[in-house]
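These notes concern the structure reproduced below.
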Amino acid sequence: MSAQPSPEVTTHQEVTPPHEPQEVHFEPAHPTRDDQLPDTPDAVMACKNVDVRYGDFRAVTGVNLIFGYNEITALIGPSGCGKSTLLRSLNRMNDLILGARVTGEVTLHGQDIYARGIDPIEVRRRIGMVFQKPNPFPKSIYDNVAYGPRVIGMKPSNMDDLVEEALTQAALWTEVKDKLKQSAFGLSGGQQQRLCIARTIAVRPEVILMDEPCSALDPIATGRIEDLMEELRQVYAIVIVTHNMQQAARVADRTAFFTALAAEGTGDRTGMLVEYDKTTKIFENPSDKRTEDYISGRFG
Amino acid sequence: MALRLAAWLTIAITVGIVIALIIPSLEFFAQVSIRDFLFGTRWAPRFADASFGVIPLITATFWTTAIALITAVPLGLGSAVLLSEYAHPRLRQVLKPILEILAGVPTVVYGLFALAFVQGTVLRDWLHLPTGSFSVLAAGLVMGVMIVPTVASLSEDAMSAVPNSMRQGSAALGANRMQTSLRVVFPAALSGIVAAIVLGVSRAVGETMIVAIAAGGQARIVTGALEQGQTMTGFIANAALGDSRVGSIEYNTLFAVGLLLFTITLLINFISIRFVRRFREAY
Ligand SMILES: Nc1ncnc2c1ncn2[C@@H]1O[C@H](COP(=O)(O)OP(=O)(O)O)[C@@H](O)[C@H]1O
Ligand SMILES: [Mg+2]
């Protein structure tokens, strides 16, 4: 995280008229934009009553969520509660899993991405995804970044510029600019993950989904990715699944807490959304007992 | 202990084969210069004015092998992509064993099929092509079909070994299945695919029965696919059935050609190993 307060916070303090009564705010350890956050997000994507099944098994049910423009939304909850499953349903990656089925509505700018006639390929281009384990292609660093633009038929006037821009945005350019032709496998894990982010940015998506993007990384690499997310928030809507509560508290504007409950009849544990709110609210004053238990349990 | 014995036995047998090839070959090269052998264009070991230029045999082997590869590589890789990237897992479970059974059909059956059906019926009766009773085309085509299962099965193994995370990464960028197969999975599996093709080449170069039956028996330089031709293996098969006296020059000729065949196969494998090392991707 950057040490300085973010510019937004400064601006906010400046425009506050001095004669107004000063509210006493809890100061989070890291600057969040909590004050500027609207009560309901400026929606880029939304889930309406989403269920995801694998065959007969219902993995998540009844999810209603809004993902805001210029916001980071964290999905947290115990393992197996369907966070990854839900995330994959946001860019139709579930289509690739045999037997997976999504019902309800997932919208991008109000348009149902599962509607008839919608091309899942186009959906995935507009909603990028970064995976748990860095998965660069067995190609050069340059070709990893240029891959997306090439396959979707983008015709940038200058591919070199596009690659440089994506790598710069992913905070990787200075480290790799002299070895663009070398294999991506030569990079460290953290660099590989930033390369995967650069690769995702290169096709200019509107939303970036991240499934535990730091779980395979050391704390320093994790810090760099978190800084990067902070930067990317200016341009994209970000949804991050994380099992690391401190991470959610650090980076997310809003947090959705999920849990898995045994369904009546079958013994299947089905994931559901317990609480969704501003991150500060979830962490400081959750309305649901289960959220509180989970969060306090984790913090000891 | 038994394993170690088996390993040593294998090595001993290989060395034995090489020695068995080299000793008569040395006798042969005492009488015929290596230059005349490798670069001579007339192969007539049994004639009164005998000539031992191996080029005609090499051209026939080259043609049958090239035709076999032109057939087998696209078909084999195509099936591999279909099986590994498109087929439902259940379909794959059925198709792969069938493919492997196909690889076990005796080559004499393929040989008769090449001679009677491909050459006699298809090329001559149906297509009215100007060709005789034999052709390197018929032999090469059928040999290609014979090695399709080998190429397909091994390439499929290589492609299936590519981690799914790479396919997902590609799909998440908006690539379709074909793009993912050709641009991510295929390059990632390249070393295994090359190994599969090389095994196919080795089998084509060394394949004997099909060419002995369907390619022809006259050792002349082959300049077109519809011509007949005697390959290196075809010559060995024919001559070995004859009654050459042990130690005679005809007898030693067999081993000289055998040694050449062995060297060529070794060279192909060697080059491919270097290639694979160079392009190997760890993931
Ligand atoms: N491909 C799949 N096929 C069948 N069941 C799956 C699949 N992926 C996940 N599940 C099941 O769905 C539930 C939710 O999994 P997941 O979304 O991975 O949870 P989380 O990411 O919250 O740990 C789990 O019970 C898991 O076993
Ligand atoms: Mg998960």
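The values are calculated or read from the model by the stated rules, or taken from the named source; none is laboratory data. Not measured: the values here are computed from a predicted model. Cβ placement follows ideal geometry from the backbone for every residue including glycine, while neighbour counts extend to all protein chains displayed. Ligands, DNA and RNA are stripped out before the accessible areas are found, and what is left, the full protein with its side chains, is counted by its heavy atoms. Shrake-Rupley method; radii C 1.70, N 1.55, O 1.52, S 1.80 Å.
One residue alone among A:PRO156, A:PRO213 is within 22 Å of A:ASN70 (Cβ to Cβ) and open to solvent by less than 60 Å² (accessible area, probe 1.4 Å), and that residue is A:PRO213.
Only one of the numbered conditions (1) assigned to a loop (DSSP other than H, G, I, E, B); (2) at pLDDT 95 or above is not met by B:GLY216, and that is (2). The residues of the stretch B:175-207 that are within 7 Å of chain A (Cβ to nearest Cβ), in contact (Cβ under 8 Å) with a residue 40 or more places away in the chain and open to solvent by 10 Å² or more (accessible area, probe 1.4 Å) amount to a single one, B:PRO187.
Highlighted here are the helices (runs of 4 or more DSSP H) found entirely within the stretch A:130-190 that include at least 1 residues which are within 14 Å of chain B (Cβ to nearest Cβ): A:141-151, A:159-169. Checked against (1) open to solvent by less than 20 Å² (accessible area, probe 1.4 Å); (2) closer than 27 Å to A:GLY189 by Cβ; (3) among the polar types (S, T, N, Q), A:THR291 passes all but condition (2).
Within the stretch B:84-132, being over 21 Å from B:ASP157 (Cβ atoms) and open to solvent by 70 Å² or more (accessible area, probe 1.4 Å) holds for B:PRO106, B:VAL109, B:LEU112, B:PHE113, B:PHE117, B:ARG124, B:ASP125, B:TRP126, B:LEU127, B:HIS128, B:PRO130.
Each row is one residue, and each column tells you yes or no for (1) open to solvent by 50 Å² or more (accessible area, probe 1.4 Å); (2) polar (S, T, N, Q).
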{"residue": "B:LEU173", "(1), (2)": "no, no"}
{"residue": "B:ILE213", "(1), (2)": "no, no"}
{"residue": "B:MET232", "(1), (2)": "no, no"}
{"residue": "B:THR263", "(1), (2)": "yes, yes"}
{"residue": "B:ARG278", "(1), (2)": "yes, no"}
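Based on what the data block shows, is B:SER79 on the phi < 0 side of the Ramachandran plot, open to solvent by less than 70 Å² (accessible area, probe 1.4 Å) and in contact with a Phe, Trp or Tyr (Cβ under 9 Å, 6 or more places away or on another chain)?
Working: on the phi < 0 side of the Ramachandran plot: yes; open to solvent by less than 70 Å² (accessible area, probe 1.4 Å): yes; in contact with a Phe, Trp or Tyr (Cβ under 9 Å, 6 or more places away or on another chain): no.
Considered against the rule, which asks whether it is on the phi < 0 side of the Ramachandran plot, open to solvent by less than 70 Å² (accessible area, probe 1.4 Å) and in contact with a Phe, Trp or Tyr (Cβ under 9 Å, 6 or more places away or on another chain), B:SER79 comes out as no.
On inspection, A:LEU195 qualifies as within 19 Å of B:ALA172 (Cβ to Cβ) and away from ligand 1 (no atom under 16 Å from the Cβ).
Residues of the stretch A:237-268 that are within 15 Å of ligand 2 (Cβ to nearest atom), in contact with a Gly (Cβ under 7 Å, 6 or more places away or on another chain) and either aliphatic (A, V, I, L, M) or open to solvent by 30 Å² or more (accessible area, probe 1.4 Å) (or both): A:ALA260 alone. Contact annotation: residue pairs with Cβ atoms under 7 Å, 6 or more positions apart or on different chains, pairing a residue in the stretch A:54-65 that is more than 14 Å from every other protein chain (Cβ to nearest Cβ) with a partner that is among the polar types (S, T, N, Q) and within 16 Å of ligand 2 (Cβ to nearest atom), are A:ARG58/A:THR270; A:ALA59/A:THR85; A:ALA59/A:THR270; A:VAL60/A:THR85; A:VAL60/A:THR270; A:THR61/A:THR270.
Results for (1) surrounded by fewer than 14 Cβ atoms within 10 Å (Cβ to Cβ); (2) within 14 Å of ligand 1 (Cβ to nearest atom); (3) within 13 Å of another protein chain (Cβ to nearest Cβ), shown as yes or no for each residue.
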site: A:LYS83; (1), (2), (3): no, yes, no
site: A:MET93; (1), (2), (3): no, yes, yes
site: A:ARG101; (1), (2), (3): no, yes, no
site: A:VAL106; (1), (2), (3): no, no, no
site: A:GLN111; (1), (2), (3): yes, no, no
site: A:ILE121; (1), (2), (3): no, no, yes
